[in-house]
Amino acid sequence: MLTRFFISLFSALIGLTAVASPDDSDAVPRPMVISIVIDNPLTAVGIQLMRQVYQQAGYPTRFVTLSVARSENLLHSGDVDAELARAEGLDKISENMIKVPEPLMTVNIAAYTLRHDITSASTENLDALRIGIRHGLTIDKRFHPKSLTQVYRLDQLAQMLKHNRTDVAILSETSAFFSKHKFNLNNLRALAPELARFNVYHYIHKRHRHLIPQLGRRIRELKDDGTIKAMIAEFMQKQASAS
């Protein structure tokens, strides 16, 4: 693996909330407040998925957008109940943030370009190029591109590619597909080899640890019966049809 990337997924503001204690059987649970990232193509799929998962557990949900740092802080303090999805490692930042061990999906990361003269994502090639990357992606220290520009939004990265302000963009497969259709990057292509592949998980505050077995079981069921795959396929088809 040439490079290791860690995705943080999520973005903007909220107030304190809580849910009923599992011992308070007569109380009506308040909504589980779940932080999400704005401008992530699969956020809509994640919301649909986790709303269904929590509904079966007997909890309504409310989704809010937060910056990466604020999401971490509020999940640590318990001012939000969960974070929609993030790569492995959030639970190592704070013991208050617990990973539901059943992964939601696997994310594939690659270098994408519009240039025909760039033939591979070898270390030698990428070190000589201008790289565009989203905030929330961390690049391995062994990797030394000619320049590295970080942006907050996917459309900014698309414009950098379109106007030759960057040679390659580091994207997930889904973000690349979304960009190709939404921003008319018809010649966008992935360079081999793939740079990274990792699982994405749902995280909850430790006071909800009693929900982990039920949440994990339901996520696994939705994967096994093809529901999650169908959700993603439907989303991708809609993006392709809208272009």
Charge sum, other residues only, whose C-beta stays under 11 Å from Arg153's C-beta, Lys/Arg counted +1 and Asp/Glu -1: -1
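Given Cβ point charges of +1 (Lys, Arg) and -1 (Asp, Glu) and nothing else, what value in debye, to the nearest 20, does the dipole of region 56-188 about its Cα centre take?
Working: 16 positive and 15 negative charges, 117 e Å.
Dipole about the Cα centre, nearest 20: 560 debye.
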Heavy atoms of Asp225: accessible area, 1.4 Å probe, square angstrom to 10: 90 Å²
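Run through every distinct alpha carbon pair of region 178-222 and return the Kirkwood hydrodynamic radius in angstroms, one decimal place.
Values: mean 1/r = 0.0691 Å⁻¹.
Kirkwood radius, region 178-222: 14.5 Å.
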Placed amide H near Arg62: partners under 5 Å, 5+ positions off or other chain: Met32, Val33, Ile34
Note, ³J(HN,Hα) from phi for region 70-77, Karplus 6.51, -1.76, 1.60, rounded to Hz, x at Gly and Pro: 5, 4, 4, 5, 6, 6, 4, 7
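The values are calculated or read from the model by the stated rules, or taken from the named source; none is laboratory data. Remember, predicted model here, so these are calculated numbers, not experimental data. Glycine gets a Cβ as well: all are built from the backbone with ideal geometry, and neighbour counts include every protein chain shown. Keep in mind that these areas ignore ligands, DNA and RNA; they rest on the heavy atoms of the full protein, side chains included. Shrake-Rupley method; radii C 1.70, N 1.55, O 1.52, S 1.80 Å.
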